[in-house]
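Note sheet for the following structure.
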Amino acid sequence: MAKLMQLKLDGDGIAHLILDNPDERVNVLSALFIEEFLDILSQIEKDGRIKGLILESAKPGVFVAGADIKWLKSLKTAEDCRSFAINAHVPFNRLEDLKMPTIAAINGVCLGGGLELAMACRWRVALEHKSVQIGLPEIKLGVLPGGGGTQRLTALVGIQNALQLACAGKTLRPEEALRLGLIDAILPSQGFVDEAKKYLVEKIESGTDYRRPWHDPDYRYGVNQEEKNPEARKKIFETSRQLTLKQTKGHVRSPMKIIDAVETGAEKGFRAGLLAEQAVFAEVLCSPEARGLVDLFLMQNAMTKVYGSKDRSIKPADVKKVGVLGAGLMGSGIAHSLIAVGKKVVLKDISEEALNRGVQSIRGIFNQDVQKGRMSETKANEIMSLLETTLDYEVFRDVDMVIEAVFEDMALKQKTVREVEKYIQKHCIFASNTSSLAITELAKASERPENFIGTHYFSPVNRMPLLEIIKGGKTSELTVVTAVSIAHATRKLPIVVNDCYGFYTTRAVGAYLIEAMRCLNDGADVGVIDSAMMDYGFPVGPITLLDEVGHDVGAHVLTIMKQAYPERFSDELTKVTVADGRLGRKNGRGFYVYEGGKKKGIDETVYSLFKSREDRKMVKEEIVERIVMNLLNEVGFCMGENIVTNLVDAEMGLVFGIGFPPFRGGPLHAMDEIGAGRVVETLSQLEAKWGSRFKAAPYIIQAAKDHKVFCR
Ligand SMILES: NC(=O)c1ccc[n+]([C@@H]2O[C@H](COP(=O)([O-])OP(=O)(O)OC[C@H]3O[C@@H](n4cnc5c(N)ncnc54)[C@H](O)[C@@H]3O)[C@@H](O)[C@H]2O)c1
């Protein structure tokens, strides 16, 4: 087995522990890493020749990137989590307890367990370079620093700074880390390790005490009078708890647990703080949100490796130039994503005005990049020169791919297919950005249905990471592989699904929106519906979402969904608001009132449009149950119909596509949390009360019978 680190003693009695995992691009803490590390510490403890120790990395730009996420994933039971938490302190304590001066030479990314290692050294010096990032981002995975990080960070930077850093998972540049006292010096990149050694040797020669003051049982944290004053300290923790609760809404418990551990350390000392950290670490490790967020991280990684076919001998076609049909919201966004990565684009619309608007909006995105210093003006101009506009198809003769983003209309889309195919070459791929129409049906207009595919982008294209790729009945594997390669090239995360009306994400968002409308019709308040779903964890409530998307657009898509799935979808309620002249934010009239584009409050007159009880009393729990069950049931149908074929697509499609709460890990994680049996029971209760639209999907019924767990 390859060694992950090497110990070298130099002629001056300084030991260099060089971290260098030969099989990976980065160093991470894993079971093997810790095993080797502890062995080496035993050697160091016994070696009387060593005067001082430098922890360094041979990986350019990376000290230690954190813990191996797969290691966290391997913890299945509460007992696994408990023993993991207990063992987690050992290497850091032993490093800190070495009877010699130690220094961490931070040459790049130093996060999570990496920073905990560095903090267990007596000194920390960082390279003067933009690749250096220092922080404890564990809360992003629903966990917390469990290697003594909550305590050593507080000892080094004080209570308030530690809470801010660890509870927000913030990473720091070296200058800021130095200002806070988290590191001791920034050293030049030229001869960095030699400089770090010089720093250490100077400390040794000047006889600086290498022991940590917090090992004294009477030592208490605090970098200023406020933190040292018990009453003021109480206030600090109280405020921090209030703020954290506001931010997390209690969904992710780890920031609150960090506060608990820091408070114990602050009141009772370092050792008590470590024990408190151990206890809360074990608790958060087996929390559902940690499971969800850890899986999400792994799934996101998996998405970057999607190929689009099991047959890797099928190589993606080379796409140099793309024709984009429609310069509206989506067409211009898609064109932007392509030219931004060096593809030539010809953008077609039916009027100069539409083309100008499209070009302006693309230029606008680059202008923002220039203003924010992310791109030079020259670079922006250079990229814009890759964009050509046209009102006819002549210039489509040499495109390798066409992406269509005209209005959502089957006849119009099929007409454009027939028109464009008169010009494009045989190898050219045709991708439709339809949000709801079946690809197989659209492809009937094509002479080369094997080249036809769906590429469903999300708005705004420059910010939304997902690309839903839809295989039509006759789509070739080469076409799929090429579409996937375009997703990767434009830095999108692809899911590949099978075809039907609404495919996966639109069916899911349709289920989310329609049940919200039905709740409204059955006596729920607009604001209560929105806040109920935001409390569940969605970034915006469904009613606000309809105002944003536009009631006309929503009604149009729901009509298509109703035609395809009449047993579950309907469009009557959205049609009612459209008929009343409510289009949402775009015409300043929706469920909410808008003034100068700003959302002002609920438009009370909207209630007169709905069959409604006297007073609106439906409570949040009922609203959440109805909407979430309707959504999960639709996911069940999509799985059962083989529209979605794997767990990653099922989860990430909704987290990235419709804002399903990430800390829930995705709809199947959510279903696991409730239990398939309980989902079926709840659906049948809802069916008894509200009708057959809640009939449980056969896939979920089967899962309940099999006691299936989807994600563990
Ligand atoms: N808006 C969204 O959030 C969103 C998200 C995903 C997918 N989509 C889908 O993307 C497509 C476009 O939506 P949008 O929001 O960009 O619409 P839009 O109204 O902003 O733009 C459509 C553009 O197509 C142009 N057009 C019409 N006929 C044309 C033709 N024959 N040739 C060239 N251009 C033509 C129109 O002039 C207009 O500029 C639709 O199918 C929609 O369902 C929209």
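A residue that is of a type in the set (Gly, Ala, Ser) and in contact with a Lys or Arg (Cβ under 8 Å, 6 or more places away or on another chain) occurs nowhere in the stretch 467-484.
Among what's in the stretch 1-27 and is exposed (fewer than 12 other Cβ atoms within 10 Å of the Cβ) and not charged (D, E, K, R), pick the residue that is farthest from residue 43 (Cα to Cα). Among those residues, the one meeting the criterion is 22.
Kindly establish whether residue 266 is modelled with pLDDT of 95 or more, closer than 24 Å to residue 218 by Cα and surrounded by 21 or more Cβ atoms within 10 Å (Cβ to Cβ). In short, yes.
Selection of the stretch 243-298 for residues being more than 18 Å from residue 89 (Cβ to Cβ) and aliphatic (A, V, I, L, M) yields 243, 245, 252, 256, 259, 266, 290, 293, 294, 296, 298.
In the stretch 320-350, the residue that is farthest from residue 397 (Cα to Cα) out of those that are in a loop (DSSP other than H, G, I, E, B) and within 12 Å of the ligand (Cβ to nearest atom) is 328. If you check 149, 207, 181 for being under 24 Å from residue 68 (Cα atoms) and either touching a strand residue (DSSP E or B) at 6+ places or on another chain (Cβ under 8 Å) or in the same structural domain as residue 68 (by TED's automatic domain parsing) (or both), only one passes: 149. Within the stretch 548-571, is there a residue that is under 17 Å from residue 634 (Cα atoms), of a type in the set (Asp, Glu) and within 16 Å of the ligand (Cβ to nearest atom)? Yes, there is a match, as at least one residue in the stretch 548-571 is under 17 Å from residue 634 (Cα atoms), of a type in the set (Asp, Glu) and within 16 Å of the ligand (Cβ to nearest atom). Taking the stretch 369-381 as the range and being surrounded by 13 or more Cβ atoms within 10 Å (Cβ to Cβ) and within 18 Å of residue 338 (Cβ to Cβ) as the test, the residues that pass are 369, 375, 379, 380. Looking only at residues in the stretch 90-145 that are over 19 Å from residue 62 (Cα atoms) and of a type in the set (A, V, I, L, M), the one that is farthest from the chain's Cα centre (by Cα) is 100. Checked against (1) within 11 Å of the ligand (Cβ to nearest atom); (2) within 15 Å of residue 328 (Cβ to Cβ); (3) touching a residue at least 12 places away in the same chain (Cβ under 8 Å), residue 392 passes all but condition (2). If residue 501 satisfies all but one of (1) touching a Lys or Arg at 6+ places or on another chain (Cβ under 7 Å); (2) not in a helix (DSSP H, G or I), what's the number of the condition it fails? Evaluating residue 501 over (1) touching a Lys or Arg at 6+ places or on another chain (Cβ under 7 Å); (2) not in a helix (DSSP H, G or I) leaves (1) as the failure. The set of residues in the stretch 428-478 being under 16 Å from residue 410 (Cα atoms) and away from the ligand (no atom under 16 Å from the Cβ) consists of 440, 444, 449. Within the stretch 9-31, residues that are of a type in the set (Val, Ile, Thr) reach partners that are surrounded by 12 or more Cβ atoms within 10 Å (Cβ to Cβ) and in a loop (DSSP other than H, G, I, E, B) with beta carbons closer than 7 Å, at six or more positions or on different chains, in the pairs 14/51; 18/58; 26/59; 26/65; 28/65; 28/66; 28/68. Count of the stretch 572-587 residues, restricted to those that are out of contact with any Asp or Glu (no Cβ under 6 Å at 6 or more places or on another chain) and within 13 Å of the ligand (Cβ to nearest atom), is 1. Looking at the stretch 508-525, can you tell me whether even one residue there is among the β-branched types (Val, Ile, Thr), surrounded by fewer than 24 Cβ atoms within 10 Å (Cβ to Cβ) and in a helix (DSSP H, G or I)? For the stretch 508-525, residues among the β-branched types (Val, Ile, Thr), surrounded by fewer than 24 Cβ atoms within 10 Å (Cβ to Cβ) and in a helix (DSSP H, G or I): absent. If only one of 584, 588, 554, 523 is touching a strand residue (DSSP E or B) at 6+ places or on another chain (Cβ under 6 Å) and of a type outside the set (Phe, Trp, Tyr), which one is it? Of the residues listed, the single one that is touching a strand residue (DSSP E or B) at 6+ places or on another chain (Cβ under 6 Å) and of a type outside the set (Phe, Trp, Tyr) is 588.
Within the stretch 65-79, being touching a residue at least 12 places away in the same chain (Cβ under 8 Å), over 20 Å from residue 25 (Cα atoms) and either out of contact with any Cys (no Cβ under 8 Å at 6 or more places or on another chain) or not assigned by TED's automatic domain parsing to the domain that holds residue 141 (or both) holds for 73, 76.
Only one of the listed residues (191, 142, 149, 181) is buried (at least 19 other Cβ atoms within 10 Å of the Cβ) and at positive phi. That residue is 142.
Number of residues in the stretch 303-340 that are of a type in the set (Val, Ile, Thr) and more than 25 Å from residue 497 (Cα to Cα) equals 1.
Would you pick out the residues in the stretch 70-95 that are crowded, with 19+ Cβ neighbours inside 10 Å, in a helix (DSSP H, G or I) and out of contact with any Ser or Thr (no Cβ under 8 Å at 6 or more places or on another chain)? 72, 81, 84, 85, 88, 89, 91, 92, listed by residue number. Restricting attention to the stretch 687-701, does a residue exist that is outside the structural domain of residue 247 (by TED's automatic domain parsing), part of a helix (DSSP H, G or I) and touching a His at 6+ places or on another chain (Cβ under 9 Å)? Taking every residue of the stretch 687-701 in turn, none turns out to be outside the structural domain of residue 247 (by TED's automatic domain parsing), part of a helix (DSSP H, G or I) and touching a His at 6+ places or on another chain (Cβ under 9 Å). The residue list 552, 547, 530 contains one member that is assigned by TED's automatic domain parsing to the domain that holds residue 697 and surrounded by fewer than 19 Cβ atoms within 10 Å (Cβ to Cβ), which is 552.
All of 595, 567 fail the test of being over 32 Å from the mean Cα position of the chain (by Cα) and in contact (Cβ under 8 Å) with a residue 40 or more places away in the chain, apart from 567. Of all residues in the stretch 275-293, those satisfying the criterion of being crowded, with 21+ Cβ neighbours inside 10 Å and either hydrophobic (A, V, I, L, M, F, W, C) or part of a loop (DSSP other than H, G, I, E, B) (or both) are 276, 280, 281, 282, 284, 285, 290, 293. Only one of the numbered conditions (1) surrounded by fewer than 19 Cβ atoms within 10 Å (Cβ to Cβ); (2) free of Cβ contacts under 8 Å to residues at least 24 places away in the same chain; (3) not in a loop (DSSP other than H, G, I, E, B) is violated by residue 271, and that is (2).
The values are calculated or read from the model by the stated rules, or taken from the named source; none is laboratory data. These numbers come from a predicted model, not from an experiment. Please note: Cβ atoms are built from the backbone with ideal geometry, for glycine as well, and neighbour counts cover all protein chains shown.
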